[in-house]
Amino acid sequence: MVGRPTYGRFGWHHARMDQLPRIELAHLPTPLVEYPRLTELFGGPHVWVKRDDLTGFGLSGNKVRKLEYHLGAALEAGADTVLTCGAVQSNHCRATALAAARLGLRAVLFLRSTSGRPPERSVANHRLDELAGAEIRYVTPDEYAQRDTVMSSAAAEMEEAGVRAWVIPEGASDVLGMLGMARGFEEMIGQSADIPGRIVAVWHAASSAGTTAGFGWAAGRSGFPALNIACSIGDSIGELSDRVGAIWADAVALGLGSSVPSPDLEYLDRYVGGGYGIASKAQLELQDKATRNSGLLFDPTYTGKAIYGLASEIAGGRFSPDDHVIFWHTGGGFAALV
Ligand SMILES: Cc1ncc(COP(=O)(O)O)c(C=O)c1O
């Protein structure tokens, strides 16, 4: 084992962060584990996996970290109902529905479906939403494009009827969600001291960008030396970086830091396949091989594309066999069953 690196105080405003309400929902810390059979499969660096798929069973994945801040704030505000949105197979909506069930809150989910009607069969995350007792409202893609307005008008109507509503944006990707992921990154920094070599990259699937914003926020302020790689699963680099920039600007405006961070952060959009929710044959095949060489379950929409991206960069000679790379498993195993 090498000496434990020290990154000093994290250099951002913990005092303010600690004053924010947070409720414990995730089983933490999630393990950071080496997967030599993935190294063998990809023919490259040491591959470590940060197991955020293990934040819970139903209540699993990166979204649970974000919900700790959102639902903490909702409860402190006296909310009895939470509203959020996503695709029919959204991991975030499923996690919200189950967390709400645990806390005795009503969950109202705005799910995007092509026709604006329920799919013929409810499976995987969608079925879990139903089992958790969430109220589901289906919206067309056009309505979904106006999701913030749709949810705030619904919340306003509820408030008029005496409901105390709390709106969580898509993917819980705002400052509160960012804080959950920044906290996760700090957790990983502590664990990474046990990795016997140079950590060159932390690799994650990126979409609504709260995860990237949180990792970048913590990395920039801690001086953690590895490159953060945000592997897009559907959006362009410009869309992702604009979202991250907007979240950081809000965080600074809220006094959580004096300036936006400048972490070592790279966005990749060459592994988006056919776009959100559409994986290529090669991506699905690689995802299956990765499962057979690790016992890990990947989500074709998110982690499947991210592991494909990592394998492709390794195949392209990006890392050396002595390097250590951390693949952040953000969860989503239920969608592997769709
Ligand atoms: C399994 C999984 N991984 C990664 C992501 C992407 O995280 P973010 O939306 O914070 O970019 C999501 C978001 O839904 C997800 O469900």
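Bear in mind that the values in this text are calculations on the coordinates, not laboratory data. If you're wondering where the values come from, they're calculated on a predicted model, not measured in any experiment. Here the Cβ is made from the backbone with ideal geometry for all residues, glycine too, and neighbour counts use every protein chain on show.
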Calculate one ³J(HN,Hα) per residue across region 207-213 by plugging θ = phi - 60° into the Karplus curve 6.51 cos²θ - 1.76 cosθ + 1.60, and present them in order as whole Hz with x for glycine and proline.
9, 7, 5, x, 5, 4, 4
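Taking each pair of distinct Cα atoms in region 76-183 once, what is the resulting Kirkwood hydrodynamic radius in Å? Can you show the working numbers first?
Values: mean 1/r = 0.0713 Å⁻¹.
Mean inverse Cα-Cα distance, inverted, gives 14.0 Å.
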Could you give the distance between the Cα centres of region 170-204 and region 103-153, to the whole Å?
29
In the chain, with Lys and Arg counted as +1 and Asp and Glu as -1 at Cβ, which of these residues, Pro45, Gly309, Gly255, has the Cα nearest the positive end of the dipole, that is, farthest along it?
Pro45
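Please list 85-98, 316-329 highest first by mean number of surrounding beta-carbon atoms within 10 Å per residue. Please list the in-between numbers first.
On the way: 85-98: 27.2, 316-329: 18.4.
Answer by packing, highest mean first, reads 85-98, 316-329.
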Computed [θ] at 222 nm, deg cm²/dmol, the chain (DSSP H ≥ 4; -39,500 (n - 2.57); rounded to nearest 500):
-13000 deg cm²/dmol
If you plug each phi of region 126-133 into the Karplus form 6.51 cos²θ - 1.76 cosθ + 1.60 with θ = phi - 60°, what whole-Hz ³J(HN,Hα) values come out, in order, with x for Gly and Pro?
4, 5, 5, 4, 5, 4, 6, x
Excluding residues fewer than 8 positions from Lys281 in its own chain, the lysines with Cα under 21 Å of it are Lys289, Lys305
Please report, for the Cα atoms of the chain, the Rg to one decimal and the Dmax as a whole number; what are they, in angstrom?
19.2, 61
Expected vector for region 287-296, Karplus 3J(HN,Hα) from phi with 6.51, -1.76, 1.60 and θ = phi - 60°, integer Hz, x for Gly and Pro, equals 4, 5, 4, 5, 5, 5, 10, 8, x, 8
